[in-house]
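Let me begin by presenting the structure, written as structure tokens, before commenting on it.
The values are calculated or read from the model by the stated rules, or taken from the named source; none is laboratory data. This one's a predicted model, so the numbers in the text were calculated from it and none came from an experiment. Cβ placement follows ideal geometry from the backbone for every residue including glycine, while neighbour counts extend to all protein chains displayed. Accessible surface is based on the protein model in full, side chains and every heavy atom, while ligands, DNA and RNA are left aside. Shrake-Rupley method; radii C 1.70, N 1.55, O 1.52, S 1.80 Å.
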Amino acid sequence: MEKNYDDTFLARWLSNGLDSSELHEFLNSPDFEVYKKIASSSTKFLAPEFNNEAVFNRIQDKIKLEKKARPIFRFTGWKYAVAASVMLIIGLFYFINFSEKYVTGIGEQLTITLPDNSQVILNSKTIVSYNKEEWNKKRVIKLKGEAYFKVQKGSTFKVETNEGIVQVLGTKFNVKTTKNLFEVVCFEGKVSAESNNYKDVLIKGNAFRVIKDSLPEKWNVLQVEPSWKKGESTFKSIPIKYVIKALENQYKISFKTSKIDLEKKFTGSFTHKNLKIALQTVFVPMKIGVTFRGKKTVVLEKQ
Amino acid sequence: MEENQSVCKPKVFEDVYNTHAKTLHNFMYYKCGDQDLAEDFVQEAYVKLWKNCAKVLFEKAKSYLFTVANNLFLNDYEHKKVVLRHQQEGAIHHTNESPEFLLEEKEFMIKLQTAIADLPEKQREVFLLNRIDKKKYREIGELLGISVKAVEKRMSLALKTLREQIGDI
């Protein structure tokens, strides 16, 4: 019964791969009939039914639960070129844009010297920026927050803020902006301040303030420098909400103010060095109760 | 076939499913003899294909599926005997054969089925993919990632083993 077929012989027979002499020999062998029957009968079997749709639906259900993988962005030649160009352009802008920017955080102060030796002292939570390259042509500086300027004599020096503009020739002055508030104090020389179509010229000792939707105010100060430079914030009949904002800029705290009248005016100052004392000096005279909720949150309440 | 076919496209994914799922299922069944398990393997393999659709080229999807399913099978399975159904021959063969012949035939099929179930897994999957799913040796080689020669050897061995099991008729 056993014949020495090579190890692919039977497979080749099934796929009609035998040559005629091999086939002839095989046809006459006693095994042939059995193999033939096995080969033909085995094709009559069936695998169990495959639930094509059911399995597909299960796959879909499962896929929906999984996060969908995103196709890779296939880079071809021109896409590389575009990507490289974009990087190059971004890089160029990085070098061409000579804008200088300074930022202070809560409770920080920073003194910067401009190219013409003018000085800017930033109070806390303040951003200033200016264009270094064009400084000699036009002295323009952008301000958000509060800063004290000591401007060297020269061409017009301009401070741009969201709330208004200050223009000077050479002088010392303080500009303070928060949302809807614009306040300028002149300590030396002469400045022109403009906000919301209100314009005024300030001389030494003048202070000017515009709060949105109300008339501008003007008063005199006796100091020769802004008090915040010496670690104190000073206010003159200003709505308490701006004092609260200043406190938040100076100390890492936040206030819950829903129970007090935010428009009530405050005159006075607070220190930058001691939170407890600062809170007392502001809120005791205003008859506002102070309660700490946790370390960083202060609830204000009318007494 | 388009060059940029991405398996991530639901339509393409569905096509890949309809083209290969049945063969994959049968293949896995010939291996493990458990229909539920075979379906699970198919499901897992396709979910995995979907998850990695960005990494698997369309042309490689088929071999990816078979490789994944095969690995899943190696990881966890319990052998069950492969049970194959008979083809329903129904009305085509009018019974002009004698009852004895039919009985013999039935006995032969049972014998053959048992012998197939007893084949080593590697011989069985090749044999059944060829006999039932009518896959050419070359295709089987692609699915399993082996050479045509290797497929032929397994096929021949399977036939020889079956013939020995069944004996003379």
**Among B:Leu65, B:Leu74, B:Leu129: highest mean-square fluctuation, GNM of chain B, C-alpha pairs under 10 Å** = B:Leu74
**Request:** Quick one: compute the contact order of chain B, relative version, from alpha carbon pairs under 8 angstrom and 6+ residues apart, as a percent.
**Result:** 23
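With the contact rule set at Cα under 8 Å and sequence spacing of 6 or more, what percent relative contact order holds for chain A? Mind showing how you got there, number by number?
Numbers: 482 pairs, mean separation 25.1, N = 303.
Normalised by residue count, the contact order of chain A is 8 percent.
Based on the Cβ-Cβ distance of A:Ser258 and A:Thr113, what FRET efficiency does E = 1/(1 + (r/R0)^6) give at R0 = 51 Å, to the nearest 0.05? Intermediate results must be reported in sequence, preceding the final value.
Working: r = 43 Å, r/R0 = 0.85.
So the FRET efficiency works out to roughly 0.70.
Within region A:1-57, report the trypsin sites (Lys or Arg not before Pro) that DSSP leaves as loop and that have at most 13 other Cβ atoms within 10 Å. Don't skip to the end; give the middle numbers.
On the way: sites: A:Lys3, A:Arg12, A:Lys36, A:Lys37, A:Lys44; in loops: A:Lys3, A:Lys44.
Here the trypsin sites (Lys or Arg not before Pro) that fit, given the DSSP loop and packing criteria, are A:Lys3.
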**Prompt:** What percentages, rounded to whole numbers, describe P(r) for the protein assembly as shown computed over all alpha carbon pairs with 10 Å bin width beginning at zero?
**Reply:** 4, 14, 15, 10, 7, 7, 8, 9, 8, 8, 7, 3, 0
**Asked** How fast does region A:12-68 diffuse by Stokes-Einstein, in µm²/s, taking the Kirkwood radius from C-alpha pairs at 37 °C and 0.692 mPa s?
**Response** 213
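Let me check against my output: what whole-number percent is the relative contact order of region A:135-262, with C-alpha pairs under 8 Å and at least 6 apart? Before the final figure, lay out the partial values.
Details: 243 pairs, mean separation 18.3, N = 128.
Taking the mean separation of contacting Cα pairs over the length of region A:135-262, I get 14 percent.
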**Fill in**
At q = 0.24 1/Å the base-10 log of I(q)/I(0) from the Debye formula over the alpha-carbon atoms of region B:129-169 is -0.78
**Item:** Residue of B:Arg138, B:Arg124, B:Arg154 that the Gaussian network model of chain B assigns the largest fluctuation, springs spanning Cα pairs under 10 Å
**Value:** B:Arg138
**Asked** Mind checking the dipole of chain A: about its Cα centre, +1 per Lys or Arg Cβ, -1 per Asp or Glu Cβ, Debye to the nearest 20?
**Response** 2720
**Prompt:** Which percent of the accessible heavy-atom area of the protein assembly as shown goes to carbon and sulfur, probe 1.4 angstrom?
**Reply:** 53
**Prompt:** Taking the Cα atoms only, what angle lies between the long axis of helix A:32-42 and the longest principal axis of chain A, rounded to 10 degrees?
**Reply:** 40
**Asked** Using a 1.4 Å probe, what is the accessible area per residue for region A:6-64, in Å²?
**Response** 52
**Complete:** Its Cα gyration tensor gives region A:237-301 an equivalent ellipsoid whose semi-axes in whole Å, largest first, are 16, 14, 11
**Complete:** Cα-Cα longer than 18 Å, checked against A:Lys37/B:Lys153; A:Lys176/A:Lys229; A:Lys37/B:Lys160; B:Lys111/B:Lys160; A:Lys158/A:Lys179; A:Lys276/A:Lys296, kept in input order, equals A:Lys37/B:Lys153; A:Lys158/A:Lys179
**Request:** Working from Cα positions, state the angle (0 to 90°, nearest 10) between the long axis of helix B:35-51 and the longest principal axis of chain B.
**Result:** 20
**Request:** Bin width 5 Å, alpha-carbon pairs only: give the P(r) of region A:118-237 as whole percents, running from 0 to the bin holding the largest distance.
**Result:** 2, 12, 25, 26, 22, 10, 3, 1, 0
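Given a 1.4 Å probe and no ligands, DNA or RNA in the count, how much accessible surface is buried by B and A, both sides, to the nearest 100 Å²? Display every interim value, and only then the final one.
Working: alone 11370 and 20210 Å², together 26670 Å².
Looking at B and A, the buried total is near 4900 Å².
Counting partner chain Cβ atoms within 10 Å of every residue's Cβ in B:124-133, what's the average? Intermediate values should be presented prior to the final figure.
Values: counts 0, 0, 1, 5, 3, 1, 6, 9, 6, 1.
So the per-residue partner count for this stretch is 3.
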**Complete:** Measuring from the longest principal axis of the C-alpha atoms of chain A, the long axis of helix A:77-96 (C-alpha) lies at a number of degrees, nearest 10, equal to 10
**Request:** Show that you can apply the helix-only estimate: for chain A, add -39,500 (n - 2.57) for every DSSP H stretch of four or more residues, divide by all residues, and state [θ] at 222 nm to the nearest 500.
**Result:** -8000 deg cm²/dmol
**Item:** Pairwise centroid distance, computed over Cα atoms, of region A:121-167 with region B:28-50, Å
**Value:** 71
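Report the FRET efficiency, 1/(1 + (r/R0)^6), for A:Asn131 and A:Asp213, where r is their Cβ-Cβ distance and R0 is 35 Å, rounded to 0.05. Please report the intermediate quantities before stating the final value.
On the way: r = 33 Å, r/R0 = 0.93.
FRET efficiency, A:Asn131 to A:Asp213: 0.60.
When 1/r is averaged over all different Cα pairs and the result inverted, which Kirkwood radius in Å belongs to region A:78-162? Could the numbers behind the result be given before it?
On the way: mean 1/r = 0.0687 Å⁻¹.
One over the average 1/r among Cα pairs gives 14.6 Å for region A:78-162.
If you average 1/r across every pair of different Cα atoms in chain B and take the reciprocal, what Kirkwood value do you get, in Å?
Numbers: mean 1/r = 0.0565 Å⁻¹.
Final number for the Kirkwood radius of chain B is 17.7 Å.
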**Request:** Pull out a ≥ b ≥ c, the square roots of the eigenvalues of the alpha-carbon gyration tensor of region A:149-303, then state rounded if a/c is under 1.5, prolate if not and a/b is larger than b/c, and oblate in the remaining case.
**Result:** prolate
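Compute the length gained on full extension between A:Glu100 and A:Lys153: take 0.36 nm times their separation in residues and subtract their Cα-Cα distance, giving the result in nm to one decimal.
On the way: separation 53, 0.36 × 53 = 19.08 nm, distance 2.15 nm.
Residue separation times 0.36 nm, minus the Cα-Cα distance, leaves 16.9 nm.
Just the Kirkwood number for region A:181-245, please: inverse of mean 1/r across all distinct Cα pairs, in Å, one decimal. Don't skip to the answer; put the middle values down first.
Details: mean 1/r = 0.0800 Å⁻¹.
Hydrodynamic radius (Kirkwood, Cα only) of region A:181-245 equals 12.5 Å.
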